[in-house]
Structures are given as C-alpha cells and as structure tokens.
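Trainee: Quick one: the structure is below, and I'll ask about it shortly.
The values are calculated or read from the model by the stated rules, or taken from the named source; none is laboratory data. None of the values given here were measured: they were computed from a predicted structure. Please note: Cβ atoms are built from the backbone with ideal geometry, for glycine as well, and neighbour counts cover all protein chains shown.
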Amino acid sequence: MAVNLLDFDLEGLAAFCESLGEKRFRAVQLYRWIHQRGESDFEKMSDLAKSLRAKLAGAAEVRGLPMISEHRSADGTIKWLFDVGGGNAVESVYIPEEDRGTLCVSSQAGCAVGCRFCSTGHQGFSRNLTSGEIIAQLWFAEHRLRAADGERVIDNVVMMGMGEPLQNYAALVPALKTMLDDHAYGLSRRRVTVSTSGMVAMIDRLREDCPVALAVSLHAPNDELRSELVPLNRKDGIDALLDACVRYLDKAPRDFVTFEYCMLDGVNDTPELAHQLVRLVKGRVPCKLNLIPFNPFPASGLKRSPRERVMAFARILQDAGIVTTIRKTRGDDIDAACGQLAGEVQDRTRVHERLVRAPVRVVPRDSIRQESKA
C-alpha cells in the first residue's frame, strides 16, 4: 500500500522526501499543499517538480477518512462519523463559539479505560488510530468548513473525542506536531489540549516531548470514589497524578491544569465532596475546575446532577478562590456532547463482562439536603 503522507509530521515528511532523493525544502512545499491548502492530488501541486510528482504518484498518497455521516445540531455543533476500517468508526465534533471554533478529535476506535460515565468506554476497544487517522479528522474538518465559509474557522483542537490519547502516544505526538507547525495548521500550544484520564508516566513524557495544554479527568476528590469511576486510578492514585500535573506545568503553555469533573447525581456532587476537592487542590496545583453536566446513556445506570446542586458545588469551589466553570452542554440533540461519542467499535476487550460490577454508591437526596444545611 502507498505511504499515507498524513502520517508524517514535518520531520517525518522530510525524511521520506530524502528517501526519494529530494531535498528538505520539497517537504515543506508538500506539507503546505497538504495541510494549508487541503490538496490531495499531486498533479495540482504546481510548484513541485514534475519528477517529484511522478515519484509521489508511485509511492505515496494523501488518504483521508471516508465520511459515513454528518449531523448538525440546532446550536451549530457538527458531528462527523468516519470509517476507519474493520467495522470500526470514530466520531469528531466541531463546536462553533463566538471567540473560537473548536474541533474535538478522537485518538482510538473505542477506549480501554472504561470510565463509568463515558459512552465510548461502554463500547469497548478495538485499536489505536494512526497519526494519519488522527490528523485526517482535522484535515477534513478544516477544509470542509473553510470551503463553506471562505476562511479558517478551527483555531482550537481538543483531544477529547473517543479514546485515551496517552495510550496511543506514538501516534499522538506526530499528529500534535502537525497541528502546531506553522507550515501546516499553525495552532498555538495554548489552543491544543490533550485530555487524559490520568496516565502519570505518559504525562511526564508529554511534558518533555510536546507540551500542550493539559486537561485531566478528575471526577472525584478521593481514591476510593475515583477508582470506582475511573479505573486507571487504581494504578497510581490521586496524589501521584497531582504531582505529575505540578511537574507538567514547568513546561506547559498555560500556567494551570484543567480538571474535568463530570457531575453525577448523588455520586460525586455532595457539598462534603466539594470541600474535599478544595482541600485536595488548593495551594497544591494551579488549576481550573470544569464542571460537566453528565450526558446520560442507558448502560451507565447514572443520572445527571440537578442544576441547583451543580451550582451549589460550584459556589463552594469559587468561594475557596478556585476558578470554576460549568460547561455548557452542546450538541446533545445529536449525541455529540461530552461523554456521548460512541461511534462503531468492534470490541476485543469483552467490555460488557468487565463493566458488570457493583453499582456506584448513590447518596440519598435527603442526606445531601441535610449535609447542605449543615
């Protein structure tokens, strides 16, 4: 099969061009054609030598992902389903906002982490995506939207789609480097975010190799509850995770880590847990808390926290001086909101057996009301 040029960052593309007997500047020209102009036909790359175009035609291609479907939400959110072969499909989501256009990108077909509140995890895991399959989501969305609007619209990318990005590290880093490269998409390191469920060793590696903005799926202020919700916590625990976050900030483009906290009715939304969260992070990790209304799906057995309880939880954090936001739910009418991406996954991890375990303990609402009064 021909080499897919979407798999290469600029250094990789330069090495490939050298293998064809070409100089580095040809790689820069080619890189610009592919990523800045969205061109996949070598014959249309007019400033490349005919001899190079002939070599490329025989050895390489620009192979995007076949789009299976496109769904548009009433709020402007767009969700695409892409075929990645073998009966698997992944989803990407574009979220338009007043000050930015954000693309949520997938890194795996499915996810092996198995967080209790995430629809993707309940689909199981099939395989990692290649660098080309990761960047192809941006390549497609950028040029499809630019064709409609006449100018660039994506200036923010979050690796928060299907999968745990840091479990696919070898493919993730070249894709990140392409997003950041001025000859490709030229995104700011502050505007590219990797979201992880808490892989401590890989956070340290990312800090050295390609530090971008970091978001961590926290979801609980103690190890007992977090291990129920986020199984990866059993390996390292919250203390090791927070220490890794502090180390990461030495080289990060932002001076804080974003902690994601999915609000689950009667599970992690009590005032006492809010106070625990304050004691956990205040003065230890410069951070922003992003409270996420849970997007229910039947297999989870969980419910969304009532809005008044989310607001009360946020007030406790804010009163303690912690920057706290409540994520606005976008695209839930097309199942494109946070935690809803499921795609199509040929599971090879027997997820339905792994997830059959004791339900998460739910605190009775009367107890929550009494705790609030206290």
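Trainee: Which condition number does residue 325 fail, the rest of (1) in contact (Cβ under 8 Å) with a residue 40 or more places away in the chain; (2) under 21 Å from residue 215 (Cα atoms) being met?
Mentor: Failing condition for residue 325: (1).
Trainee: Of the residues that sit in region 70-93 and are over 19 Å from the mean Cα position of the chain (by Cα) and part of a loop (DSSP other than H, G, I, E, B), which one is surrounded by the most Cβ atoms within 10 Å (Cβ to Cβ)?
Mentor: Looking at residues that are over 19 Å from the mean Cα position of the chain (by Cα) and part of a loop (DSSP other than H, G, I, E, B), I get 73.
Trainee: Suppose we filter region 227-244 for residues that are of a type outside the set (Val, Ile, Thr) and either under 14 Å from residue 289 (Cα atoms) or over 20 Å from the mean Cα position of the chain (by Cα) (or both); how many remain?
Mentor: Of the residues in that region, 10 qualify.
Trainee: I'm trying to understand the selection: among the residues of region 197-227, which are touching a helix residue (DSSP H, G or I) at 6+ places or on another chain (Cβ under 9 Å), among the charged types (D, E, K, R) and under 15 Å from residue 237 (Cα atoms)?
Mentor: Correct list: 223, 226.
Trainee: Need a quick list: strands (runs of 3 or more DSSP E) entirely within region 94-185 having at least 3 residues that are outside the structural domain of residue 34 (by TED's automatic domain parsing) and modelled with pLDDT of 95 or more.
Mentor: Result: 101-104, 156-159.
Trainee: In addition: How do the pairs read when you match residues in region 21-32 that are of a type in the set (D, E, K, R) with residues anywhere that are in a helix (DSSP H, G or I) and surrounded by 13 or more Cβ atoms within 10 Å (Cβ to Cβ), using Cβ under 8 Å and keeping only pairs 6 or more apart or on different chains?
Mentor: 22/52; 22/55; 23/17; 24/14; 24/17; 24/18; 26/17; 26/52
Trainee: Take region 25-45 and flag every residue that is of a type outside the set (A, V, I, L, M, F, W, C), under 31 Å from the mean Cα position of the chain (by Cα) and not in a loop (DSSP other than H, G, I, E, B).
Mentor: Of all residues in region 25-45, those of a type outside the set (A, V, I, L, M, F, W, C) come to 26, 29, 31-32, 35-41, 43-44.
Next cut, under 31 Å from the mean Cα position of the chain (by Cα) only: 29, 31-32, 35-41.
Passing the criteria: 29, 31, 32, 35, 36.
Trainee: Do you know which residues across region 46-65 are within 30 Å of residue 91 (Cα to Cα) and in a loop (DSSP other than H, G, I, E, B)?
Mentor: 62, 63, 64, 65 - these are the residues of region 46-65 that are within 30 Å of residue 91 (Cα to Cα) and in a loop (DSSP other than H, G, I, E, B).
Trainee: Have a look at 53, 100, 24, 32 and point out the one that is within 23 Å of residue 186 (Cβ to Cβ), basic (Lys, Arg) and surrounded by 15 or more Cβ atoms within 10 Å (Cβ to Cβ).
Mentor: Exactly one residue qualifies, and that residue is 32.
Trainee: Taking residue 43 and the conditions (1) modelled with pLDDT of 95 or more; (2) closer than 22 Å to residue 131 by Cβ, which numbered condition does it fall short on, given that it satisfies the others?
Mentor: The one condition residue 43 does not meet is (2).
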